[in-house]
Structure formats: C-alpha cells, structure tokens
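What follows is a short report on a single structure.
The values are calculated or read from the model by the stated rules, or taken from the named source; none is laboratory data. Predicted model only: the values in this text are computed from it and were never measured. Here the Cβ positions follow ideal geometry from the backbone for every residue, glycine too, while neighbour counts run over all protein chains shown. With ligands, DNA and RNA removed, areas are computed over all heavy atoms of the protein, side chains included. Shrake-Rupley method; radii C 1.70, N 1.55, O 1.52, S 1.80 Å.
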Amino acid sequence: MPELPEVEVTRRSFAPAIVGAQVMAVRVGKPLRWPLGCAPAILIGRVVQSVRRRGKYLLLDLDQGLLLLHLGMSGSLRFATELPPPGLHDHFDLQTTHGVLRLHDPRRFGAVVYASSAQDPVVCKLLGHLGMEPLSSDFSLEAFGQGLRASRSSIKQVLLAGKVVVGVGNIYASEALFMAGILPTVAARDLTPKRVGLLHQAIQQVLAQAVASGGSTLRDFASADGQSGHFQQQAHVYGREGAPCHTCATPVRMVRQAQRSSYYCPRCQHE
C-alpha cells in the first residue's frame, strides 16, 4: 500500500508540471472506492492551482473546487504529455493542457472525489479525523505525548491508526520504533518521556529519509514520472525476519499485531 512517503514522492513528481494547466477532458473508467461526486463534464475548463497532500490524500486545488485522490492498496499516478491508450486497470484520466494525469489501480480501492470547496462535507468526512502531519511544523512533541498517554493500545497499533500522527505506515512504524529502541508491543501509554521524544524524532527522520529515497517499492510502486523507490533497501528491520540486526547481529524477529507484521530486534528494542 502506498504510504505517506510514496504519496509525497508522487506529489513532488508531477505537481510543478500540472500547476496552471486547464482541464480539457475527463475519462472515468470502472467504479472506484467512492464515486467522483460530480458529472465529469463539470471539471472541463477548470484550472489546476496547486497540488497538496494531507496524510495519504492528494488534493488538486482547482480555480473552482478541488479533487481528492487516494491511491488505495495498489494505485499509482502517471503524468506525461502523452500516455498510451488506457488499459484494463486505468480508471481515471484527467487530460489537461500540460499533459494527462492517470490513475492506475488494479484492486480499485483508490478514489478520485470532487468537492466544491475545502469546507465541503466530503472533505471533512475524509480528512477531519486525521492526526498531525509528521513532516510539518505542526507535529508537536507535547501533543504527540498526550495522544500516546491517552491510548491503551500498543504503540505500533497507535502509529498505524493515524489518529495521533498520520501516515506512519507499517514499514515506517517498524523502522521508527527500531530507531527509538521501542518494542512494537509496548503499550503507548507506558512509554517514558525520553522514549516519546526519541520516537517523535525517529518518525520525522525515517519519513524524511524515505521521501529522499523515492519511497519504498515492494511490488510495483512508481512515482508519476515512472521512478521506483529505494527505501526498502535501507531498512534495518522491516522484512528482515531471521537476518542479523545491522547494529548488534541479533536475528530480527517478527510478530503479528492486528494481522500486520511487526519486525524488531529483541536486543536493540527493549522498552
């Protein structure tokens, strides 16, 4: 599943090229997770003013309204001046004066949703519950600590839930917990202030490193200009069950939490 770094990498790969473009045509393929929410013809003539990200959503601000895009489990975007005819899994094309933005999504859990404004109820429904942005100045250590202390769940589950901090997916949660020396099964409320501070810093560092590395390509992720990610090659614990820890050579272990795999070093992660 594309996580925050992959979505941010995708945004950066096409945002400068599409800003200022006017929509010329819209093609809608098979139904996605949610309906578009408007007749496609309504979008023709609109101008793209900016491309933002909120959590794992991309927001295309138009001169009238906005589009919210989610990549779901298997989605990816391509943007180019010319693209081949749409294939079986190409479910949305936004043809503009600068090129074509295409959503490719084999499993169709992604979505493209139109909203009339940032105050539209659909925007509040999709974005209103999201936690703090970890790569912004709004990621407060104090608020992060308060959110952890209020939860009875394990720290790994709290990170994945996205209500305290958004976008720390499975790969990056495992890596951040390793960097902070925290076991994934520890209750979030039991972390010491020191460990909370280390985790706050580790989340920022891991996600920034992932963005700089183009995200993670475990199966078929590529940015909108076709580039694969390389962060998975730098992982300390994720996907390395039985392999020696890069720090202490202890075999990395895996435990299942809420049907997700958590990787950790039993020696380096001791709280």
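Summed over the stretch 65-79, the residues that are among the hydrophobic types (A, V, I, L, M, F, W, C), touching a residue at least 60 places away in the same chain (Cβ under 8 Å) and surrounded by 16 or more Cβ atoms within 10 Å (Cβ to Cβ) give a count of 3. Scanning the stretch 2-21 for residues being polar (S, T, N, Q) and open to solvent by 30 Å² or more (accessible area, probe 1.4 Å) gives a total of 1.
Yes or no: the stretch 31-41 includes at least one residue that is of a type outside the set (D, E) and more than 23 Å from C124 (Cα to Cα). Reasoning before the result, please.
Initial filter on the stretch 31-41 (of a type outside the set (D, E)): 31-41.
Next, from what is left, pick out any that are more than 23 Å from C124 (Cα to Cα): 41.
Looking through the stretch 31-41, at least one residue is of a type outside the set (D, E) and more than 23 Å from C124 (Cα to Cα).
Here V26 meets each of (1) assigned to a helix (DSSP H, G or I); (2) under 23 Å from P85 (Cβ atoms) with one exception, condition (1).
Counting only residues that are open to solvent by 70 Å² or more (accessible area, probe 1.4 Å) and within 30 Å of S137 (Cβ to Cβ), which one in the stretch 210-232 is modelled with the lowest pLDDT?
Restricting attention to the stretch 210-232, the residues satisfying the condition of being open to solvent by 70 Å² or more (accessible area, probe 1.4 Å) are 212, 218-220, 225, 227, 230.
Now restrict to residues that are within 30 Å of S137 (Cβ to Cβ): 212, 225, 227, 230.
Details: A212: 86, D225: 62, Q227: 65, H230: 54.
For the stretch 210-232, the residue satisfying everything is H230.
Of all residues being β-branched (V, I, T) and crowded, with 17+ Cβ neighbours inside 10 Å in the stretch 192-204, which is farthest from V237 (Cα to Cα)? Just the residue, please. Here the answer is V196.
Pairs are defined by a Cβ separation below 8 Å, a sequence spacing of at least 6 or placement on different chains, a first member in the stretch 33-44 that is under 11 Å from L67 (Cα atoms), and a second member that is open to solvent by 50 Å² or more (accessible area, probe 1.4 Å); the pairs so defined are L36/V28. Within the stretch 100-150, the set of residues being part of a helix (DSSP H, G or I), of a type in the set (G, A, S) and open to solvent by 30 Å² or more (accessible area, probe 1.4 Å) comprises just one member, A143. For the stretch 43-64, check the following and say yes or no: at least one residue is part of a helix (DSSP H, G or I) and open to solvent by less than 70 Å² (accessible area, probe 1.4 Å). The answer is yes; a qualifying residue exists. Consider G197 carefully, then state whether it is in contact with a strand residue (DSSP E or B) (Cβ under 6 Å, 6 or more places away or on another chain) and at pLDDT 95 or above. No.
Among the residues of the stretch 30-50, are any in contact with a helix residue (DSSP H, G or I) (Cβ under 7 Å, 6 or more places away or on another chain) and basic (K, R)? Checked the stretch 30-50: no residue is in contact with a helix residue (DSSP H, G or I) (Cβ under 7 Å, 6 or more places away or on another chain) and basic (K, R). The single condition from (1) under 19 Å from A111 (Cβ atoms); (2) surrounded by fewer than 21 Cβ atoms within 10 Å (Cβ to Cβ) that M24 fails is (1).
Quick one: in the stretch 171-186, which of the residues that are open to solvent by 10 Å² or more (accessible area, probe 1.4 Å) and in a helix (DSSP H, G or I) is farthest from M254 (Cα to Cα)? So the residue we want is M179. For the residues R240, R189, the requirement of being at negative phi, open to solvent by 20 Å² or more (accessible area, probe 1.4 Å) and modelled with pLDDT under 95 singles out R240.
Can you tell which of L62, L83, L127 is closer than 20 Å to R33 by Cβ and either among the hydrophobic types (A, V, I, L, M, F, W, C) or without any contact (Cβ under 8 Å) to a residue 60 or more places away in the chain (or both)? Talk me through it step by step, then tell me what you get.
Values: L62 fails: closer than 20 Å to R33 by Cβ; L83 fails: closer than 20 Å to R33 by Cβ.
Every option except L127 fails the conditions.
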